[in-house]
Amino acid sequence: MTRTVYVNGEYLPETEAKVSIFDRAFLMADGVYEVTSVLGGKLIDFDGHAKRLQRSLTELEMPAPCTMDVLLEIHRKLVKINEIDEGMVYLQVTRGAPDDRDFVFPDPETTKPTLVLFTQNKPGLADSPVAKKGIKVISIEDVRWGRRDIKTVQLLYPSMGKMMAKKAGCDDAWMVEDGFVTEGTSNNAYFIKGNKIVTRALSNDILHGITRAAVLRFAKEAQMEVEERNFTIAEAQEADEAFITSASTFVMPVVEIDGVALGDGTPGARALRLREIYLDESRKVAI
Ligand code: PMP
């Protein structure tokens, strides 16, 4: 089926959607994005994603293309037109397309931001067979820039990281800086030891995951202890369980880190329970 996508005010078949070759995101990765999941035809945690988008825009002095209410309407309309029951909505805002290539930011009065949204249909996203098996991760050096808290489209290194994992027969990579795990290539990273969940604290070093915020809240409500601090790969390898979180994977158990199996090498009970709670609670408040 040809998707209907949104580009700068228009709903178009994907084959007709176009962006200028001078667009700043194409030339300089000068763009930010959000991915919001859809379950039962409804948006999960839209408010969190809208707030983080606004923060990314502000940090980069990039004008917002429209209000967050209008963005919500566009999300809903695309979900409806494309008949998405389970999947994602991808949104990207760029600093727009000036008349020519130039490192200097264009005048926001004359160069308007580019706004693109499209849906990704993923039937069975919640009932993922991968979550039943768990994923294997490798560790790689984190060589990304210093503002990972801004959700930019500079995804070349994360993409290379996924390829390194694939070549190693694994599913993903955890990035390590100065000996400590920052996060996964496209997710936040955690381990569980006893009743305690450990994950890196928020800073400019990692993306402030919307799923992370929700999962840590649910974990505390379920009387689990949460410790936000630096940790090493060795510490995670000795843990009872590990998992990752992101808008598109929810809570995904990790069963192996750099070839070392965690526990009995199957998804941990607590990670699976957190996945269940996250899905249940998120569905209740989806819009
Ligand atoms: N860290 C990185 C580097 C990411 O790319 C993502 C997903 N975009 C996350 C964490 C998870 O964030 P969220 O839960 O908001 O999807």
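Quick notes
- Total residues in the stretch 34-50, condition free of Cβ contacts under 8 Å to residues at least 40 places away in the same chain and more than 26 Å from residue 208 (Cβ to Cβ): 0
- Any hit, the stretch 10-33, residues being surrounded by 15 or more Cβ atoms within 10 Å (Cβ to Cβ) and closer than 16 Å to residue 208 by Cα: yes
- Number of the exception - residue 184 against (1) surrounded by 13 or more Cβ atoms within 10 Å (Cβ to Cβ); (2) free of Cβ contacts under 8 Å to residues at least 60 places away in the same chain: (2)
- Check on residue 96, crowded, with 17+ Cβ neighbours inside 10 Å, at pLDDT 95 or above and under 18 Å from residue 207 (Cα atoms): no
- Filtered residues of the stretch 213-245 (kept if farther than 14 Å from residue 199 by Cα and either of a type in the set (Phe, Trp, Tyr) or within 15 Å of the ligand (Cβ to nearest atom) (or both)): 218
- Selection of the stretch 249-287 for residues being under 21 Å from residue 191 (Cβ atoms) and part of a loop (DSSP other than H, G, I, E, B) yields 249, 258, 259, 262, 263, 264, 265, 266, 267, 268.
- Per the listing 197, 150, the residue uniquely crowded, with 18+ Cβ neighbours inside 10 Å, touching a residue at least 12 places away in the same chain (Cβ under 8 Å) and closer than 27 Å to residue 28 by Cβ is 150.
- Condition check for residue 31: modelled with pLDDT of 95 or more and within 13 Å of the ligand (Cβ to nearest atom): no
Yes/no matrix, rows are residues, columns are (1) over 21 Å from residue 201 (Cα atoms); (2) over 19 Å from the mean Cα position of the chain (by Cα); (3) not hydrophobic (A, V, I, L, M, F, W, C):
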| site | (1), (2), (3) |
| --- | --- |
| 225 | no, yes, yes |
| 232 | no, yes, yes |
| 236 | no, yes, no |
| 244 | no, no, no |
| 258 | yes, yes, yes |
| 274 | no, no, no |
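- Residue in the stretch 155-162 that is crowded, with 21+ Cβ neighbours inside 10 Å and over 25 Å from residue 26 (Cα atoms) present: no
- When residue 146 is tested against (1) out of contact with any Lys or Arg (no Cβ under 8 Å at 6 or more places or on another chain); (2) within 12 Å of the ligand (Cβ to nearest atom); (3) of a type outside the set (Ser, Thr, Tyr), exactly one condition is not met: (2).
The values are calculated or read from the model by the stated rules, or taken from the named source; none is laboratory data. Predicted, not measured: the structure shown is a model, and the values here were computed from it. Because the Cβ atoms are built from the backbone with ideal geometry, glycine has one as well, and the counts that use them run over all protein chains shown.
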